[in-house]
Amino acid sequence: MLANATESIPSVAPIGFEFTGKGTMADKQPVVRMRDITKAFAGKVVANSHVNLDIYRGEILALLGENGSGKTTLMNMLSGIYFPDSGSIEIDGKPVVISSPKVAFDHGIGMIHQHFKLVNVFTAAENIVLGLKEKGAFDLQAASERIRQICDAYGFDVDPNQKVYDMSVSQKQTVEIVKMLYRGAEILILDEPTAVLTPQETDKLFAVLRNMRDDGKAIIIITHKLHEVQDISDRVVVLRKGEYVGEMITAESTTEEMTTMMVGHQVELNIDRPRPVNPKRRVRVHGLTVRNSEGILKLDNVSFSMYSGEILGVAGISGSGQKELLEAIAGLQPVEIGSIEYVKDDGSIDQLIGKDPLEIAELGVALSFVPEDRLGMGLVASMDLTDNMMLRSFRRGSSPFTDRKAPKELAEKVVEELEVNTNSIETPVRRLSGGNVQKVLVGREISSSPTVLLTAYAVRGLDVNSSYMIYDLINKQKANGTAVLFVGEDLDVLLELCDRILVLCGGKVSGIVDGRYTSKNEVGMLMTKLGGEAR
């Protein structure tokens, strides 16, 4: 199948090709040459196997692959976080040993991770010079001037004196990138760089990345968003099951070809969105106000309704109250003011405020919740798959002994149907990749046939094939009459999957739009308070 998948894509290019599409290669010789890179964990789990990769100056390279294909592990070895078991790395034709991030920095390599490494109480300038040992490193006036020069050169917008805790997510990401450039990085690796950005912020980031490419920088992005790969990258390299599969020129390729190479077979990239059939109000949220444990207002007078047989999407910049909204409905978050009503088939109403998840279940409300925190709230890392399935059912038995047969069968079903990559259902969940953990969690929650399904970033970290499996499962729940609340970070998916989209901005509802007729730009404007009042 590997050979067939590769042969079916005529645009696969050999290593060392010269661009004929968008972007030009400043140097035919690779700035980085990785050869026969192999890395295994615990002696058994092979993350990378004999991978060869060339990286060139003046290009944006997209690294694609399914969950567990070894993309991040490979880049972690290039940035000094992991050390390869075997293989070699050359920088500008010279063999190097990258034993730490400090050594990687010395070779001009910097990696910007999904979770930023910034000190909130420090300014941008203080974060950028933190840890430097060169003479005059802490001359903040000189550092600020140098930061402004970098920003002017590439189009960044950074105030060196602004505190990190006052910054938006995109501003924090910008500081991380500027920090790498300040330290002399010529090779930048970005892991899921647009995961929490609005469309407008993504456009700004891409404009900056193009400027950096045109200045001769080598840029590698790890992402699951194929439309972004087509928009920003010059070349695509695909890994599958830890091995190099092939590469292609982006301008001469399609998302279907990329997906086929990633998965090994054709994947249909269309999300169904049947219209709701006989929708009835299932949940009514009115005037919901929530503060976190520190007393900070997270939801401010939020009101909306969920209907049976409908998918209601929730869009918003990270930290706009999505987490608190789902947890409040699920009975996991104290509510200061407001009401959450569950409407039964006979029209009678149960008030969910003040009830915990067990009390909600005792009312006869079949509610399932896929939380953002997979291992902290959704699953127990030290338990195997069967035991994690049993967390939902152990209270149902009348015997003092727990029934393991049904949970075991469910675990086997989830592994098979969602293609969970695991040696056995006895494997502790902590040993699974993030994407496979998400499959286990989603599979367990959907298996309970809920009337209300709450999902927070249900496909976060999942590859294209797995994501479309989840979309299909959610659509099946919709067809069964389930009221679905789908919190997502990919606006393209929200616009294709959801019937309506509720937009949160700073804990308030800035708008509720029809998913079939709105645009990505309109939703992005509402996410940043630029779209007017709530409708």
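Structural remarks
- Size descriptors for the chain (Cα atoms only): Rg and Dmax, in that order, 24.3, 75 Å.
- Taking label positions 7 Å along the Cα-Cβ direction at both N270 and M377, the computed distance is 3.6 nm, reported to one decimal.
- Were the residues from R183 through F83 laid out at 0.36 nm apart, the gain over their Cα-Cα distance would be 33.8 nm.
- Counting other Cβ atoms within 10 Å as a rough exposure proxy, the listed residues Y342, Y154, Y165 run Y165, Y154, Y342 from fewest neighbours to most.
- DSSP bridge orientation in the chain - percent antiparallel, rounded to nearest 5: 55
- Using all pairs of distinct alpha-carbon atoms, the Kirkwood hydrodynamic radius of the range 204-285 works out to 15.7 angstrom.
- With each label modelled as a point 7 angstrom along the Cα→C-beta vector, the F122-D36 pair spans 4.1 nm.
- For the range 449-535: rounded, prolate or oblate by the Cα gyration tensor [a/c cutoff 1.5]: prolate
- On full extension, the segment bounded by D166 and D215 gains 14.6 nm, given 0.36 nm per residue less the C-alpha separation.
- Cα gyration tensor category, rounded, prolate or oblate, for the range 159-260 with a/c compared to 1.5: prolate
- With a threshold of 21 Å on the Cα-Cα distance, the over-threshold entries among K225/K529; K117/K179; K71/K241; K298/K323 are K225/K529.
- Ascending count of other beta-carbon atoms within 10 Å, so fewest first, for H50, H115, H224: H115, H50, H224
- Rounded, prolate or oblate (a/c below 1.5 giving rounded, otherwise prolate when a/b exceeds b/c) for the range 305-399 by Cα gyration tensor: oblate
- In terms of other Cβ atoms within 10 Å, S303, S144, S308 run from fewest to most in the order S303, S144, S308.
- Entry note, the chain: the mean residue ellipticity at 222 nm calculated from DSSP H runs of n ≥ 4, each adding -39500 (n - 2.57), is -9000 deg cm²/dmol after division by the residues and rounding to the nearest 500.
- Sites N292 and K520, calculated FRET efficiency, Cβ-Cβ separation with R0 35 Å, nearest 0.05: 0.70
Every read-out reported here was derived from the displayed coordinates using simple, explicitly stated rules and does not represent laboratory data. This is a predicted model, so every value here is computed, not measured. Heads up, the Cβs are rebuilt from the backbone with ideal geometry, glycines too, and the neighbour counts pull from every protein chain shown.
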